[in-house]
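In what follows, a structure is listed as structure tokens, so that the remarks can point back to it.
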Amino acid sequence: MGSDKVIQIKNLNVFYKNHKKSPLSKDRKVHVLKGVDLDVYEGEILGLAGESGCGKSTLAKAIVGMNKDFTGEIIQKYQDAQMVFQDPYSSLNPSKKIGWLLAEPLKVDKTKKWTKEEIDAKVKEIIKAIGLTENMLGRYPDQLSGGQRQRVSIGVALMRSPKVLIADEPVSALDVTIQAQILELLQNLHKEYGITILFISHDLRVIYQICDHVAVMRGGIIEEYGAPKEVYKNPKCDYTKELLVSAGIK
Amino acid sequence: MKKFLSMFKKNKATGKRNTYLIMGTIITGLIVIIVLVGLFYTPYSPTKMDSSAKLQGFSFKHIMGTDHMGRDVFSRVVYGSRITLAIATFTVLIGAGLGTIIGAITGYFGGILDEFTMRVVDAMLAFPSILLSLVFVSLFGTGTYQVAIALGISFVPSFARIVRGEVLRCKNMDYVEVARLQGVSDLRIIFVHILPNITGVLVSTIMIGFNNAVLAEAGLSFLGIGSQPPYASLGNMLSDAQSYLFSRPSYVLGIGATIVLMVLGFSFLSEGMKRWK
């Protein structure tokens, strides 16, 4: 494992607008992330754990630039972070075929002009890498199962060979056997392409299985950080203990 | 084509035929075929008068009778349907085209532009559309094209509203976020990623729009604006025929039935398309 930092997050504060409050009241913004510091090292899988609503997805969205309303610093070594979403049923455009979905990231690539042959070759390479066959290319997303769709989502994210992949609860919407397959796929891709993965999950067991480091979040701050084995053995804060108990590990 | 033919078969899941779609296709198809044939051949010239054969009833010689100037009503109906259909098509093209662009862009970008456009749309929808078309006709002048443009503009607001709603529904889906992350431009997201997902709603709205356009055109011609005599359109023929409503009811019947059939056909089509998938 290299020790280069791919992403450095320094004192990150993110706000959301609160539409329920009157436009005249002062605190119209909700403080979601309260000073997050986090480093992601090159070539690792970093697990981000925490309960629903603690700001995991907010952090991910801030990193990829989907939410620009923040203070603090996010330094990225590569500017090409791609994201995989939780729900494989809404993250693929239902009116497009799989082949089109995979080719689209290359067609709109501003950094390089891809020829048709190059796109075809890359699509074939990726469809193999995500464990699907070429005859899937002509199908629509609603003809695939949840697991296959999540594979395609991962494939779409990989098309431009990003160095960093952010997976936002990629297995939460899937059943256990399919979860295992997708996790295996992520691990394989991690080995094969050397991608750094920021893996977000509320399931500590999943994180234990595949991650090199784990960060536990609660209420917009990172409560604990370390290698999963150590964190799970001697959790420093009570919240981590609670999580471990509820996950049935302790 | 295969997909088109499959609609006549029974649905495998429910075991039912889509009767609406079949009826709609048959009725509309029949009208379109007659109109197309009418381009090359009508039994009589639609404008040729024959003073010896005024206001006749139904007969084999004149299947819809003749009018007060001795012209063959069927030939005039075929000719008039062509103009009515042409105006309706043009109207829907303008309405749906502009409406889709306006609705999609305002819905996607939101903000002040959206607010402003939607208030203008609200204002336009507040007027009865026939009144709005009358205003536009008085601006553009009477005539076939002018009526089509006037009706088209008065159709824009409702299309814009419907498309905007659909775009709002789609724009927060994850696949739009994915596209944005990949750096797809906003216009490409709107027209390539989102629009194909709302075609279902759009097509059935277009069919209803067609319906309304036929009625609105007939209404405008009935009021005397629209295509001018001696050229026939269903509306101005109806307006001529109303003075003979009691002395020669068969005169009105053929024209009225054609309008009813046309509207019925499009209604069935739009209902059938809603139930298609």
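The values are calculated or read from the model by the stated rules, or taken from the named source; none is laboratory data. Quick caveat: nothing in here was measured; it's all calculated off a predicted structure. A quick note on method: Cβ atoms are made from the backbone with ideal geometry, for glycine too, and the neighbour counts reach across all protein chains shown.
Give B:Phe155, B:Phe136 a once-over and let me know the one that is at negative phi and out of contact with any Gly (no Cβ under 7 Å at 6 or more places or on another chain).
Details: B:Phe155 fails: out of contact with any Gly (no Cβ under 7 Å at 6 or more places or on another chain).
Only one candidate qualifies: B:Phe136.
Going by what's in this entry, would B:Phe136 be described as over 17 Å from the mean Cα position of the chain (by Cα) and surrounded by fewer than 23 Cβ atoms within 10 Å (Cβ to Cβ)? If you could, list the steps in order and put the result at the bottom.
Values: over 17 Å from the mean Cα position of the chain (by Cα): yes; surrounded by fewer than 23 Cβ atoms within 10 Å (Cβ to Cβ): yes.
Considered against the rule, which asks whether it is over 17 Å from the mean Cα position of the chain (by Cα) and surrounded by fewer than 23 Cβ atoms within 10 Å (Cβ to Cβ), B:Phe136 comes out as yes.
Output the number of residues of the stretch B:181-206 satisfying the condition of being at the interface with chain A (Cβ under 10 Å from one of its Cβ atoms) and not β-branched (Val, Ile, Thr).
Qualifying residue count, the stretch B:181-206: 10.
Being outside any loop (DSSP other than H, G, I, E, B) and under 24 Å from B:Thr47 (Cα atoms) is true for just one of B:Ile255, B:Ile198, B:Ile225. Which residue is that? Break it down into steps so the answer makes sense when it comes.
Numbers: B:Ile198 fails: under 24 Å from B:Thr47 (Cα atoms); B:Ile225 fails: outside any loop (DSSP other than H, G, I, E, B).
None of the other options fit; the residue is B:Ile255.
Among the residues of the stretch A:45-64, which ones are touching a residue at least 24 places away in the same chain (Cβ under 8 Å) and within 14 Å of chain B (Cβ to nearest Cβ)? Reasoning before the result, please.
Pass one, the stretch A:45-64, residues touching a residue at least 24 places away in the same chain (Cβ under 8 Å): A:45-52, A:54-60, A:62-64.
Scanning the stretch A:45-64 gives A:Ser57, A:Thr58, A:Ala60, A:Ala62, A:Ile63, A:Val64.
Take the residues in the stretch B:228-246 that are loosely packed, with under 15 Cβ neighbours inside 10 Å and in a helix (DSSP H, G or I), then tell me which one is nearest to the other protein chains (Cβ to nearest Cβ).
First, the residues of the stretch B:228-246 that are loosely packed, with under 15 Cβ neighbours inside 10 Å: B:228-230, B:242-243, B:245-246.
With the extra rule that they be in a helix (DSSP H, G or I), the set shrinks to B:242-243.
Numbers: B:Gln242: 48, B:Ser243: 53 Å.
For the stretch B:228-246, the residue satisfying everything is B:Gln242.
Quick one: is B:Val178 within 14 Å of chain A (Cβ to nearest Cβ), over 30 Å from B:Phe268 (Cα atoms) and not in a helix (DSSP H, G or I)? So that I can check it myself, show each step before the final result.
Numbers: within 14 Å of chain A (Cβ to nearest Cβ): yes; over 30 Å from B:Phe268 (Cα atoms): yes; not in a helix (DSSP H, G or I): no.
Judged against the criteria, B:Val178 is not a match.
Restricting to the stretch B:142-164, and then to whatever is among the hydrophobic types (A, V, I, L, M, F, W, C) and more than 28 Å from B:Tyr231 (Cα to Cα), can you tell me which residue is surrounded by the fewest Cβ atoms within 10 Å (Cβ to Cβ)?
Quick first cut of the stretch B:142-164, residues among the hydrophobic types (A, V, I, L, M, F, W, C) only: B:147-151, B:153, B:155-156, B:159-160, B:162-163.
This time we only want the ones that are more than 28 Å from B:Tyr231 (Cα to Cα), so: B:159-160, B:162-163.
Working: B:Phe159: 25, B:Ala160: 28, B:Ile162: 21, B:Val163: 26.
Step by step, filter the stretch B:142-164, then rank; the result is B:Ile162.
Please find, within the stretch A:127-142, the residue that is nearest to the chain's Cα centre (by Cα) out of those that are within 14 Å of chain B (Cβ to nearest Cβ) and surrounded by 14 or more Cβ atoms within 10 Å (Cβ to Cβ).
Kept after step one, since they are within 14 Å of chain B (Cβ to nearest Cβ), are these residues of the stretch A:127-142: A:140-142.
Of the ones still in play, those that are also surrounded by 14 or more Cβ atoms within 10 Å (Cβ to Cβ) are A:140-141.
On the way: A:Tyr140: 24, A:Pro141: 21 Å.
Step by step, filter the stretch A:127-142, then rank; the result is A:Pro141.
Somewhere in the stretch A:234-242, is a residue at pLDDT below 85 and of a type in the set (Ser, Thr, Tyr)? Steps first, please.
Initially, the stretch A:234-242 is screened for residues at pLDDT below 85, giving A:234-242.
Then drop every residue that is not of a type in the set (Ser, Thr, Tyr), which leaves A:239-240.
Among the residues of the stretch A:234-242, at least one is at pLDDT below 85 and of a type in the set (Ser, Thr, Tyr), which makes the answer yes.
Inspect all residues belonging to the stretch A:65-78 and state whether any of them is in a strand (DSSP E or B), within 23 Å of A:Leu12 (Cβ to Cβ) and within 13 Å of another protein chain (Cβ to nearest Cβ). If you could, list the steps in order and put the result at the bottom.
Of the stretch A:65-78, the ones in a strand (DSSP E or B) are A:70-76.
Adding the requirement that they be within 23 Å of A:Leu12 (Cβ to Cβ) leaves A:70-76.
Narrowing further to those that are within 13 Å of another protein chain (Cβ to nearest Cβ): none.
No; the residues of the stretch A:65-78 include none that is in a strand (DSSP E or B), within 23 Å of A:Leu12 (Cβ to Cβ) and within 13 Å of another protein chain (Cβ to nearest Cβ).
Please work out which residue is farthest from the other protein chains (Cβ to nearest Cβ), limiting yourself to the stretch A:96-107 and to residues that are surrounded by 17 or more Cβ atoms within 10 Å (Cβ to Cβ) and of a type outside the set (Lys, Arg). Before you say what the answer is, go through the steps one by one.
Looking only at the stretch A:96-107, we keep the residues that are surrounded by 17 or more Cβ atoms within 10 Å (Cβ to Cβ), and these are A:96, A:98-99, A:101-106.
Right, trim to of a type outside the set (Lys, Arg) and you get A:98-99, A:101-106.
Working: A:Ile98: 13, A:Gly99: 15, A:Leu101: 8, A:Leu102: 11, A:Ala103: 11, A:Glu104: 7, A:Pro105: 5, A:Leu106: 9 Å.
My answer is A:Gly99.
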